[in-house]
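See below for the structure under consideration.
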Amino acid sequence: MLTGKQIVVGVTGGIAAYRAAELVRLYVKAGAQVHVIMTSAATEFVTPLTFQTLSGNPVHIELFNLISEREIGHIALADRADVLVVVPATANLVGKVAAGLADDLLTTTIMATKAPVLLVPAMNSNMWENPIYQQNQSRLVDLGYHVVEPVSGLLACGWQGKGKMAEPDDVFEATVRLLTPQDLAGETFLITAGPTREELDPVRYLSNYSSGKMGYAIALAACRRGARVILVSGPTALTPPAGVLCRNVTSAEQMKQAVLEALPQSTVVVKAAAVADYRPVERAVQKIKKGKPEQVEMALVKNPDILAAVAQAKTEQLVIGFAAETHDLESHALAKLKSKNLDLIVANDVSCPQAGFDVDTNLVRLFYRDGTSEQWPLMSKLEVADRLLGCVERLRSRESSIQDGQ
């Protein structure tokens, strides 16, 4: 995800400095080269050896300690960075940067870099609310700096309020987005994910094994690339990606309503949900008790065809469907592609252990409206999502070329 990226992490003297260690670990795990700058105050909270061990690189502290005979420390680090992340960013650091002061290695590096700078504030809630601090942060945001704001919670000083550093996972995600080309900016993705549940009574329902992982991966990848994302999700154990507008639903009827309401706002529709095909004709008001018969018959009625409804109501949207099959994958996928008026369908054999429900990998085959197809190797669902967005870009470019030709 971050392979080959050079990330400079600045650590300042706040109690949240220990959490920077977890962030460095996440960057390294994702393939980045990490270079840590510590202020002298930061070394009172965490030892440089900790960051050197986690990053695999020397830790930089002194302004006048040259990296090599030919390199001036803060210039070398500033030029090397693809992104510079300050975690935690204290009120003192933010104030100095906002005033243009550069009196140590970290502030001089910030002043000298042309890379994006991501500030991760953490401080006492009164300091956070102080109008001087807020003015300093606003000034930096206006100048193009990026901020992952703190959250509310119990602070180290014993206070309760906003000022607690954001989770390292959230900072990591913000970093990834800063380093990802925003090639889908201007697009609005409407994505469905997860299963639906059709209630039999207050305690039982009909459903399927879908975990929602594929749809959520597409939502995350699209958001990272600058798209506005509306996620209509059936019941899952997943947390929606930050920045995604999530509409939670339970039944197929609810999903259809949510999709059709959001359709006019969308430019791309990705229907990755596994909608239950049938629902009971009647839902019992009370729990159905076990009776004497060994066999019980239940009347079911077909659920609404959400893809067909989208195909009928769409205007200029690209529509992508998914086909989870157990046999005759190609024939079933092609039939669905044609009958639902899709631009592209993604088919996978869910009987395959590595491509079925509730796993992190997928093995898919794509079928296009023009009759072409392609088979992708086994990869993570996030990789499938990112490649699928590349297909969306190509389809969009093809549409533009056709319109320009007309």
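Bear in mind that the values in this text are calculations on the coordinates, not laboratory data. Since the structure is predicted, the reported quantities are computational estimates derived from the model, not experimental observations. Here Cβ is always computed from backbone atoms with ideal geometry, including for glycine, and neighbour counts include all displayed protein chains.
What to note about this one:
- Of the labelled figures (1) -0.44, -0.80, -1.15; (2) -0.28, -0.58, -1.18; (3) -0.37, -0.71, -1.26, only one reflects log10 I(q)/I(0) by the Debye sum over Cα atoms at q = 0.07, 0.10, 0.14 Å⁻¹ as derived from the coordinates, namely (1).
- Fewest-first sequence of 38, 379 by Cβ atoms within 10 Å of each Cβ: 379, 38
- Rounded Å value of the spacing that divides the Cα centres of the stretch 336-406 and the stretch 264-279: 15
- Basic side chains Lys and Arg get +1 at the Cβ, acidic Asp and Glu get -1 at the Cβ, and with that the dipole of the stretch 6-178 about its Cα centre reaches some 120 debye.
- Of the residues 269, 223, 150, the one whose Cα sits farthest towards the positive end of the charge dipole of the chain is 269 (charges of +1 on Lys and Arg Cβ, -1 on Asp and Glu Cβ, taken about the Cα centre).
- Mean Cα-pair separation over length for the stretch 188-405, i.e. relative contact order, pairs under 8 Å, 6 or more apart, %: 20
- Over 23 Å between alpha carbons, listed pairs 213/302; 29/96; 114/164; 271/381; 256/340; 5/271: 213/302; 29/96; 114/164; 5/271
- Label point distance in nm, residue 380-residue 207, each placed 7 Å from Cα along Cα→Cβ: 2.6
- Taking the chain as a Gaussian network of alpha-carbon nodes connected by springs under 10 Å, the highest mean-square fluctuation of the residues 252, 16, 76 belongs to 76.
- Mean projection of the Cα convex hull over all viewing directions, computed for the stretch 6-178: 9.1 nm².
- For the chain, built as a Gaussian network whose Cα springs stay under 10 Å, the top-fluctuating residue of 274, 333, 99: 99
- The convex hull defined by the C-alpha atoms of the stretch 188-405 has an orientation-averaged projected area of 13.4 nm².
- Here's the picture: a label point sits 7 Å out from the Cα of residue 300 along the beta-carbon direction, and within the stretch 200-239 the residues with their amide nitrogen under 13 Å of it are 200, 205-209.
- Largest mean-square fluctuation among 202, 58, 48, in a Gaussian network model of the chain whose springs join Cα atoms under 10 Å apart, belongs to 202.
- Electrostatic bookkeeping for residue 390 treats Lys and Arg as +1 and Asp and Glu as -1; over the other residues with beta carbon under 12 Å from its beta carbon, the sum is -1.
- Here is how the number arises for the chain: DSSP H runs of 4 or more residues each give -39500 (n - 2.57), the sum is divided by the residue count, and the result at 222 nm is -10500 deg cm²/dmol.
- Each Lys and Arg Cβ is given +1 and each Asp and Glu Cβ -1; about its Cα centre, the chain then shows a dipole of about 740 debye.
- With bins 5 Å wide beginning at 0, the percent of Cα pairs of the stretch 96-242 falling in each bin runs 2, 8, 12, 14, 15, 14, 12, 10, 6, 4, 2, 1, 1, 0.
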